[in-house]
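Asker: Please read through the structure below; I'll follow up with questions.
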Amino acid sequence: MSKFSDLTRLPDARGHFGPYGGRFVSETLSFALDDLEKTYMRLREDPGFQAEFDYDLAHYVGRPSPLYHAERWSKQLGGAQIWLKREDLNHTGAHKVNNTIGQALLAKMSGKPRVIAETGAGQHGVATATVAARLGLKCEVYMGAEDVQRQKLNVYRMRLLGANVIAVESGTRTLKDAMNEALRDWVTNVDDTFYIIGTVAGPHPYPMLVRDFNAVVGREARRQSLEEFGKLPDALIACVGGGSNAMGLFYPFVEDDDVAMYGVEAGGDGVETGRHAAPLASNAPRGVLHGNRTYLMSDEGGQVADTHSISAGLDYPGVGPEHALWKDVGRVQYVAANDDAVLEAFRELTRVEGIMPALESAHALAHAKVLAPTLRPDQNIVVNLSGRGDKDIMTVAKIDGLEF
Amino acid sequence: MNRIDERFAELKAQGRRALIPYITAGDPAPRYTVGFMHALVEAGADVIELGVPFSDPMADGPVIQKACERALKHGVRLTHLFEMVREFRQRDDQTPIVLMGYLNPIERIGLEAFAEQAAAAGVDGVLTVDMPPEEADEFGPILKQQGLASIFLVAPTTSQERAATICAHGEGYLYYVALKGVTGAATLNAADVAEHLAPLRGLTDLPLCVGFGIRDGASAAEVGKVADGVIVGSALVNRIAEHAERPEAIAGELKAILGEMRQALDALPAH
């Protein structure tokens with residue numbers, strides 16, 4: 001019997017994960033969320049819907065993604081064996097597409113002709129633009145103006161896919177502001193628009209359904225671990241911004257008490273400097289933003305704090321509510337990796353294994369470098385390689401003093 | 001009896017509609033806010049909605065977003081709002097004040113501390129945009145204990161079933177959001193508003209006040225025909241923005257636009 005069985009029964013009927021989650025939205029959106037919840041609760045038990053989702057994951061996304069033994073890197077670190085869950089090999093290059101496939105099916109069922117999304121690094125925007133192209137849906141993606149600058153390649157990819165990318169100039173001009181603007185769009189166009197949220201945050205039922213659509217990652221990893229090394233992993237590591245890739249990997253292992261889990265947040269210049277995006281690791285106060293209650297970086301007046309991270313995809317002051325609860329009950333340990341350690345891990349995996357990780361995923365790798373040497377060679381760590389690094393080449397080049 | 005209930009009882013006895021202006025506290029700078037509030041009352045305000053600036057005002061359009069930014073540049077926070085209300089109360093003990101904003105600044109100082117300080121300062125009601133009644137289990141009773149009214153929104157998309165829940169929780173007045181959209185968006189459709197207000201009358205005795213899309217005397221009068229009160233925000237905040245460099249002119253501007261609405265409402269036949 002697991003200590004953590006209760007966790008799998010959440011959220012409750014109102015979308016709460018303990019004190020977190022919920023539905024903190026202005027009244028105009030309540031009916032759309034009620035509607036979405038009803039549709040999803042029905043379809044989640046519908047074998048036809050699940051079969052269509054599984055078919056798309058297999059034939060469009062290319063699942064299952066491999067579990068790759070990073071043998072050379074493991075040897076170099078001199079401890080546990082490191083296995084990479086290769087979400088970077090998915091169509092569009094990250095785990096994000098698992099969720100957009102699922103939500104696009106919901107959009108199709110709801111008959112709405114237009115989808116909107118927010119994006120940070122652009123991976124969720126690309127994944128949304130991709131499924132919108134395939135289903136012939138009009139697509140608009142909100143992206144902070146600063147992120148539009150640092151992720152030009154993904155912006156152009158979205159435009160090639162037929163999406164309209166809207167640069168958001170308000171606030172800190174990053175992911176949180178993109179989400180504000182997407183919510184404003186939704187409240188205005190709620191009759192014909194489906195909002196595809198990209199992470200396990202937002203108002204209920206989003207944290208639940210984004211989790212469910214990404215849980216395929218953990219289910220595969222569990223099965224593959226048994227096949228590849230005949231037992232469950234000793235530890236799982238994944239990066240956490242909003243937390244969708246971590247949620248996807250961790251969720252199917254929640255009741256496996258012997259599997260340790262590490263969520264790695266963006267330490268930026270260091271948690272102690274205040275310039276970071278690590279609400280859990282820094283013990284940020286409880287707060288409410290974007291429809292849910294969670295750990296939220298804010299000042300003493302309750303104004304949401306500026307965040308800092310080398311990776312646009314983790315540059316977010318809050319975190320999914322289920323992660324907040326998992327921190328409180330001790331199921332997952334949340335730590336932070338600083339920008340310099342992340343860059344080092346990025347370069348190291350590229351050179352040692354020939355795999356260029358996304359800067360987001362490199363946060364998880366940075367912690368693998370810390371954890372692996374503390375374990376024995378007969379122990380196993382599964383790291384979620386949530387995305388590929390092509391989109392980050394310009395960012396890294398700039399640090400190297402190169403401009404193209 | 002709370003000041004809000006008293007005010008609506010008076011208005012009802014007179015057959016008049018409530019005129020409810022909104023301004024963001026601290027916009028364009030904190031030292032002007034109390035003066036603006038008195039000016040609004042002089043121009044005929046029945047209730048004042050005082051906006052709590054927030055870094056992420058998700059339900060607001062660009063006009064109020066920028067007002068929040070101007071206020072936050074001066075570091076305005078709830079403790080300053082309490083000071084403003086206390087100062088306002090030195091000269092005006094009659095006009096009800098409703099704080100309108102988002103939940104995070106309130107949670108940050110704590111629900112109980114907030115309610116105590118707000119009541120002590122002379123606040124009468126609280127409208128938390130991102131807190132529907134389903135999430136108000138904890139906060140509602142805390143406000144009530146301090147004699148503060150919980151004011152809720154009803155939208156064009158609200159189902160009858162939800163409207164009944166909201167009416168059961170609501171106090172002071174119901175804020176009907178006339179448009180699908182953010183504040184300051186478009187012009188409202190008065191016929192559509194009338195159609196949505198009618199079923200609410202069967203659910204509650206609370207005064208029905210309408211906001212979003214009211215910008216002048218004519219639109220105020222249109223809505224006043226079917227509502228118990230009209231709420232005007234972005235149209236006023238726009239004037240503040242236009243004169244942010246000449247703040248001494250703002251009070252006069254606010255009085256002019258609100259006065260026009262007052263006249264238009266009072267010209268309507270008694271309810």
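The values are calculated or read from the model by the stated rules, or taken from the named source; none is laboratory data. If you're wondering where the values come from, they're calculated on a predicted model, not measured in any experiment. All Cβ positions, glycine included, derive from the backbone under ideal geometry; neighbour counts span all protein chains shown. For the accessible areas, the whole protein counts, side chains as well, though only heavy atoms, and no ligand, DNA or RNA atoms are used. Shrake-Rupley method; radii C 1.70, N 1.55, O 1.52, S 1.80 Å.
Asker: Return only the number of the condition from (1) of a type in the set (Lys, Arg); (2) touching an Asp or Glu at 6+ places or on another chain (Cβ under 7 Å); (3) at pLDDT below 95 that A:Lys108 does not satisfy.
Answerer: (2)
The rows are residues; the columns are (1) buried (at least 23 other Cβ atoms within 10 Å of the Cβ); (2) modelled with pLDDT of 95 or more; (3) of a type outside the set (Asp, Glu).
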position	(1), (2), (3)
B:Ile97	yes, yes, yes
B:Tyr102	yes, yes, yes
B:Gly110	no, yes, yes
B:Val129	yes, yes, yes
B:Glu134	no, no, no
B:Phe139	no, yes, yes
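Asker: Here is a follow-up. Among the residues of the stretch A:271-294 satisfying the criterion of being within 12 Å of chain B (Cβ to nearest Cβ) and surrounded by 24 or more Cβ atoms within 10 Å (Cβ to Cβ), which is nearest to A:Ala345 (Cα to Cα)?
Answerer: Filtering the stretch A:271-294 for residues that are within 12 Å of chain B (Cβ to nearest Cβ) and surrounded by 24 or more Cβ atoms within 10 Å (Cβ to Cβ), the one nearest to A:Ala345 (Cα to Cα) comes out as A:Thr294.
Asker: Can you tell me which residue in the stretch B:53-76 is nearest to the other protein chains (Cβ to nearest Cβ), limited to those that are of a type in the set (Val, Ile, Thr) and open to solvent by less than 20 Å² (accessible area, probe 1.4 Å)?
Answerer: B:Val76
Asker: Quick check on A:Arg14: is it assigned to a strand (DSSP E or B), within 14 Å of chain B (Cβ to nearest Cβ) and closer than 25 Å to A:Arg331 by Cβ?
Answerer: Spelling it out, it is not the case that A:Arg14 is assigned to a strand (DSSP E or B), within 14 Å of chain B (Cβ to nearest Cβ) and closer than 25 Å to A:Arg331 by Cβ.
Asker: From the list A:Asp54, A:Asp35, which residue is acidic (Asp, Glu) and either at positive phi or within 14 Å of another protein chain (Cβ to nearest Cβ) (or both)?
Answerer: Exactly one residue qualifies, and that residue is A:Asp35.
Asker: Does A:Arg157 satisfy the condition of being surrounded by 18 or more Cβ atoms within 10 Å (Cβ to Cβ), basic (Lys, Arg) and not in a loop (DSSP other than H, G, I, E, B)?
Answerer: On the way: surrounded by 18 or more Cβ atoms within 10 Å (Cβ to Cβ): yes; basic (Lys, Arg): yes; not in a loop (DSSP other than H, G, I, E, B): yes.
So A:Arg157 fits the description; yes.
Asker: Could you tell me whether the stretch B:143-152 includes any residue that is within 11 Å of chain A (Cβ to nearest Cβ) and open to solvent by less than 50 Å² (accessible area, probe 1.4 Å)?
Answerer: For the stretch B:143-152, residues within 11 Å of chain A (Cβ to nearest Cβ) and open to solvent by less than 50 Å² (accessible area, probe 1.4 Å): present.
Asker: Only one of A:Ala366, A:Ala312 is closer than 16 Å to A:Gly263 by Cβ and buried (at least 22 other Cβ atoms within 10 Å of the Cβ); which?
Answerer: None of the other options fit; the residue is A:Ala366.
Asker: Tally the residues that are within 13 Å of another protein chain (Cβ to nearest Cβ) and more than 17 Å from B:Phe54 (Cβ to Cβ), restricting the search to the stretch B:111-131.
Answerer: 1
Asker: Looking only at the stretch A:166-214, how many residues end up being of a type in the set (Asp, Glu) and farther than 20 Å from A:Leu106 by Cβ?
Answerer: 3
Asker: Which of the residues spanning the stretch A:102-130 are surrounded by 24 or more Cβ atoms within 10 Å (Cβ to Cβ), touching a residue at least 40 places away in the same chain (Cβ under 8 Å) and not small (Gly, Ala, Ser)?
Answerer: Those that are surrounded by 24 or more Cβ atoms within 10 Å (Cβ to Cβ), touching a residue at least 40 places away in the same chain (Cβ under 8 Å) and not small (Gly, Ala, Ser): A:Gln103, A:Val115, A:Ile116, A:Glu118, A:Thr119, A:Gln123, A:His124, A:Thr128.
Asker: Please verify whether B:Gly35 is within 25 Å of B:Gly217 (Cα to Cα) and either out of contact with any Asp or Glu (no Cβ under 8 Å at 6 or more places or on another chain) or not in a strand (DSSP E or B) (or both), treating the condition exactly as stated.
Answerer: Numbers: within 25 Å of B:Gly217 (Cα to Cα): yes; either out of contact with any Asp or Glu (no Cβ under 8 Å at 6 or more places or on another chain) or not in a strand (DSSP E or B) (or both): yes.
The answer is yes for B:Gly35.
Asker: Restricting to the stretch A:17-51, what's the tally of residues that are part of a helix (DSSP H, G or I) and either surrounded by 12 or more Cβ atoms within 10 Å (Cβ to Cβ) or touching a His at 6+ places or on another chain (Cβ under 9 Å) (or both)?
Answerer: 18
Asker: Here's something else I'd like to know. Please return the ranges of strands (runs of 3 or more DSSP E) entirely within the stretch A:230-322 where 2 or more residues are touching a helix residue (DSSP H, G or I) at 6+ places or on another chain (Cβ under 7 Å) and not basic (Lys, Arg). Steps first, please.
Answerer: Values: elements: A:235-239, A:260-270, A:275-277, A:286-289, A:291-295.
Of the strands (runs of 3 or more DSSP E) lying wholly inside the stretch A:230-322, those with at least 2 residues that are touching a helix residue (DSSP H, G or I) at 6+ places or on another chain (Cβ under 7 Å) and not basic (Lys, Arg) span A:235-239, A:260-270, A:286-289, A:291-295.
Asker: Next question. Yes or no: B:Tyr32 in contact with a strand residue (DSSP E or B) (Cβ under 8 Å, 6 or more places away or on another chain), open to solvent by 10 Å² or more (accessible area, probe 1.4 Å) and of a type in the set (Ser, Thr, Tyr)?
Answerer: So B:Tyr32 fails the test.
Asker: Can you name the residue in the stretch A:90-101 that is free of Cβ contacts under 8 Å to residues at least 60 places away in the same chain and in a helix (DSSP H, G or I) and is also surrounded by the fewest Cβ atoms within 10 Å (Cβ to Cβ) among such residues?
Answerer: Across the stretch A:90-101, the extreme among qualifying residues is A:His91.
Asker: Here is a further query. Right, A:Asn164: in contact with a helix residue (DSSP H, G or I) (Cβ under 6 Å, 6 or more places away or on another chain) and either over 29 Å from B:Val129 (Cα atoms) or without any contact (Cβ under 8 Å) to a residue 40 or more places away in the chain (or both) or not?
Answerer: no
Asker: Pairs only if they're at least six apart or on different chains, beta carbon under 8 angstrom, first in the stretch A:4-25 and closer than 15 Å to A:Ala324 by Cβ, second among the aromatic types (Phe, Trp, Tyr) and buried (at least 16 other Cβ atoms within 10 Å of the Cβ); list them, first residue then second.
Answerer: That search, which allows pairs on different chains as well, returns A:Leu7/A:Trp326; A:Leu10/A:Phe17; A:Pro11/A:Phe17.
Asker: Sort out which residues of the stretch B:186-207 are surrounded by fewer than 20 Cβ atoms within 10 Å (Cβ to Cβ), of a type outside the set (Asp, Glu) and outside any helix (DSSP H, G or I), and write them in order of number.
Answerer: Across the stretch B:186-207, the qualifying residues are B:Ala186, B:Thr187, B:Asn189, B:Gly202, B:Leu203, B:Thr204.
Asker: Looking at this structure, is B:Thr158 at the interface with chain A (Cβ under 7 Å from one of its Cβ atoms), more than 19 Å from B:Val47 (Cα to Cα) and β-branched (Val, Ile, Thr)?
Answerer: It is true that B:Thr158 is at the interface with chain A (Cβ under 7 Å from one of its Cβ atoms), more than 19 Å from B:Val47 (Cα to Cα) and β-branched (Val, Ile, Thr).
Asker: Out of the residues in the stretch A:174-191 meeting the condition of being among the polar types (S, T, N, Q) and in contact (Cβ under 8 Å) with a residue 40 or more places away in the chain, tell me which one is farthest from the other protein chains (Cβ to nearest Cβ).
Answerer: Top of the filtered list is A:Thr174.
Asker: Looking at B:Arg7 and the list (1) over 19 Å from B:Leu148 (Cα atoms); (2) within 16 Å of the chain's Cα centre (by Cα); (3) crowded, with 20+ Cβ neighbours inside 10 Å, which single condition is not satisfied?
Answerer: That leaves (1) as the condition not met.
Listed here are the residues, each with its yes/no results for (1) over 20 Å from A:Asp35 (Cβ atoms); (2) among the β-branched types (Val, Ile, Thr).
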| position | (1), (2) |
| --- | --- |
| A:Ala129 | yes, no |
| A:Val155 | yes, yes |
| A:Ala167 | yes, no |
| A:Asp191 | no, no |
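Asker: So if I check each of A:Gly162, A:Gly171, which one is within 12 Å of chain B (Cβ to nearest Cβ), out of contact with any Phe, Trp or Tyr (no Cβ under 6 Å at 6 or more places or on another chain) and open to solvent by 10 Å² or more (accessible area, probe 1.4 Å)?
Answerer: A:Gly171
Asker: Sort out which residues of the stretch B:208-241 are of a type outside the set (A, V, I, L, M, F, W, C), closer than 16 Å to B:Leu258 by Cα and surrounded by fewer than 20 Cβ atoms within 10 Å (Cβ to Cβ), and write them in order of number. Steps first, please.
Answerer: Filtering the stretch B:208-241 for residues of a type outside the set (A, V, I, L, M, F, W, C) gives B:211, B:213, B:215-217, B:219, B:222, B:224-225, B:228-229, B:233-234, B:238-239.
Cutting the leftovers down to closer than 16 Å to B:Leu258 by Cα gives us B:211, B:213, B:215-217, B:219, B:222, B:224, B:229, B:233-234, B:238-239.
Of everything in the stretch B:208-241, those that are of a type outside the set (A, V, I, L, M, F, W, C), closer than 16 Å to B:Leu258 by Cα and surrounded by fewer than 20 Cβ atoms within 10 Å (Cβ to Cβ) turn out to be B:Arg215, B:Asp216, B:Gly217, B:Asn238, B:Arg239.
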